[in-house]
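These notes are about the structure you will find just below.
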Amino acid sequence: MKTDNNINIIVLEDNFGDFFLLKEYIEECLEQVNIENLIRFIELQEIANTISNYDYIFLDMSLPDKSGEELIKEVIKIAKNVPVIMLTGFSSEAFSKKAIELGVKEYLLKDELNSSALQNKVFFNEGIALSMH
């Protein structure tokens with residue numbers, strides 16, 4: 001159970017450049033945010049018992065130890081009620097539909113990612129005090 005007003009986010013992303021950009025965009029949208037970068041799926045498994053402390057999980061589709069549909073299914077299982085936002089470099093309408101069917105809340109293309117896209121697709125209806133300038 002959360003005890004503060006901060007938004008706590010896990011970013012499962014093994015590319016530091018992609019993580020850094022996403023972190024910047026998130027920080028442009030949210031005033032009080034803690035962002036934790038995990039590089040491997042096993043790191044999420046290790047903190048599974050504290051998952052309710054998090055508000056979002058951003059998930060890259062290709063991690064060193066798991067990827068694709070199998071990764072989505074496993075992360076959704078761990079996430080329980082925490083929204084999973086999928087990040088990918090590949091545009092595939094069929095796969096994005098499959099991901100949503102599996103329980104992903106939103107499907108974002110890395111090439112189209114910016115703070116406005118996050119604001120509009122992820123944070124718009126969360127009732128969060130936003131710091132958009």
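All of the numbers you see were taken from the coordinates with simple rules; none came from a lab. Small disclaimer: the values here were computed from a predicted structure and weren't measured. FYI the Cβ positions are ideal-geometry reconstructions off the backbone, even for glycines, and counts take in every protein chain you see.
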Under 6 Å between Cβ atoms, at least 6 apart or on separate chains: pull out the pairs that start in segment 93-109 with a residue that is under 22 Å from I26 (Cα atoms) and end on any residue that is among the polar types (S, T, N, Q) and in a helix (DSSP H, G or I). Y107/S96
Output yes when any residue across segment 62-78 is touching a helix residue (DSSP H, G or I) at 6+ places or on another chain (Cβ under 9 Å) and closer than 20 Å to I26 by Cα, and no when none is. no
Spot the failing condition for E13; the list is (1) under 20 Å from T88 (Cα atoms); (2) among the charged types (D, E, K, R); (3) surrounded by fewer than 18 Cβ atoms within 10 Å (Cβ to Cβ), and only one is missed. (3)
Do you know which residues across segment 16-54 are surrounded by 15 or more Cβ atoms within 10 Å (Cβ to Cβ), of a type in the set (D, E) and in contact (Cβ under 8 Å) with a residue 60 or more places away in the chain? D18, E28
Residue list for segment 41-52, restricted to those being within 14 Å of the chain's Cα centre (by Cα) and either over 18 Å from F16 (Cα atoms) or of a type outside the set (F, W, Y) (or both): L44, I51
Report, by residue number, each residue of segment 89-113 that is among the aliphatic types (A, V, I, L, M) and not in a helix (DSSP H, G or I). V104, L108, L109, L113
